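Asks: Have a look at the structure that comes next, please.
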Amino acid sequence: MPSNEQRRQAAKRKLERQLERRAQRAKRRRTIGVSATVLGTVLVVGLVYFLATMGGGDDEQTASDATDTAASGEPEMPEAVTTEGPCAYIEAEQPPVDGLPEVGMPEDPDPTPSEGTVSVTLGTNEGEIPLTLDREQAPCTVQSFLHLAESGYFDASPCHRLVDSTDALEVLQCGDPSGTGMGGPGYNVPDEIDPEQTYPRGTLAMANSGAPNSGGSQFFMVYGDSNALGPQYTVFGSIEDAGLEVVDEIAAAGHDGSMEAQAGGGAPNTEVTIETVTVAS
């Protein structure tokens, strides 16, 4: 069994290889404009793919990752840096969007707290939105959300997208301080999904990029039954009635339609900012 020092050295070597690959990819993107191509592809997705496109660009992977070849001639798979506990949070393949808070990886205790609930309040410019986080349902996701909240990651961050399709999807999405829908904390959270999962009014769930285990910091609050969604988004809590009243008022003002031609919805007409996040002691 490897010692702690051996594990640290192995992790260091992995990180160095990752950084070298990132630099190579960045140079290629500057030369051939890969970023524009990727963005153009993403924009053609439909409404059902809406939340998948908004989980953050942290885990973008270029074709070079799949074709890198080791000295032996064997394809070299990307080596991820993860925490050592049972949650195994993974360092995102791409660095965070410029200007976002740097919060590091969450604690990954063994065992992960997996009992009880945690009360959290989003203090917004439109009123308080009380949430209840469920450790039993999604212990790793709750651990990550608390890490971000207590690190101030969500402070002064907008809720950047509202969807008000009454026959498919009614959600308010937040959690990206950049307000672009592409921001993330620099790491990904493993999925904790019930294959029978549905998304009724009052659900609190994680957005993701469409790939497995790609959640980051973005989350969505369901204010109208949205069971057209497939069970691919981790549910980690619920919205209290008082919070739903606030979200209802925001939703009633509609959105600007800026994303209708792409994935649906748009920026809320009522500008919403999470000013602080308070975790009950």
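The values are calculated or read from the model by the stated rules, or taken from the named source; none is laboratory data. Just so it is clear, the structure is predicted and the values come from calculations on it, not from any experiment. Using ideal geometry, Cβ is built from the backbone for each residue, glycine included, and neighbour counts are taken over all protein chains shown. In case anyone asks, the SASA skips ligands and DNA or RNA and just uses the protein heavy atoms, side chains included. Shrake-Rupley method; radii C 1.70, N 1.55, O 1.52, S 1.80 Å.
Asks: Being modelled with pLDDT of 95 or more, part of a loop (DSSP other than H, G, I, E, B) and open to solvent by less than 20 Å² (accessible area, probe 1.4 Å) is the filter here; which residues of the stretch 225-245 pass it?
Replies: Y233, T234, listed by residue number.
Asks: Then there is this: Residue pairs, Cβ under 9 Å, 6 or more apart or interchain, first in the stretch 190-206 and in contact (Cβ under 8 Å) with a residue 60 or more places away in the chain, second among the β-branched types (V, I, T) and surrounded by fewer than 20 Cβ atoms within 10 Å (Cβ to Cβ). List them.
Replies: P190/I90; L204/T132
Asks: V222 fails exactly one of the following numbered conditions: (1) under 13 Å from T141 (Cβ atoms); (2) buried (at least 24 other Cβ atoms within 10 Å of the Cβ). What is the number of that condition?
Replies: So the condition that V222 fails would be (1).
Asks: May I pose another question? Filter the stretch 199-219 down to the residues that are closer than 16 Å to L131 by Cβ and within 12 Å of the chain's Cα centre (by Cα), then identify the one that is surrounded by the most Cβ atoms within 10 Å (Cβ to Cβ).
Replies: The extreme case among them is S217.
Asks: Across the stretch 246-260, what is the total count of residues that are surrounded by fewer than 17 Cβ atoms within 10 Å (Cβ to Cβ) and in contact (Cβ under 8 Å) with a residue 24 or more places away in the chain?
Replies: Matching residues across the stretch 246-260 total 3.
Asks: Consider G183 carefully, then state whether it is among the small types (G, A, S), within 25 Å of P268 (Cβ to Cβ), modelled with pLDDT under 95 and buried (at least 23 other Cβ atoms within 10 Å of the Cβ).
Replies: Details: among the small types (G, A, S): yes; within 25 Å of P268 (Cβ to Cβ): yes; modelled with pLDDT under 95: yes; buried (at least 23 other Cβ atoms within 10 Å of the Cβ): yes.
It is true that G183 is among the small types (G, A, S), within 25 Å of P268 (Cβ to Cβ), modelled with pLDDT under 95 and buried (at least 23 other Cβ atoms within 10 Å of the Cβ).
Asks: Which ones in the stretch 253-263 are more than 18 Å from the chain's Cα centre (by Cα) and either of a type in the set (A, V, I, L, M) or not in a strand (DSSP E or B) (or both)? Before the answer, list the steps.
Replies: Restricting attention to the stretch 253-263, the residues satisfying the condition of being more than 18 Å from the chain's Cα centre (by Cα) are 253-262.
Within the stretch 253-263, A253, G254, D256, G257, S258, M259, E260, A261, Q262 meet the criteria.
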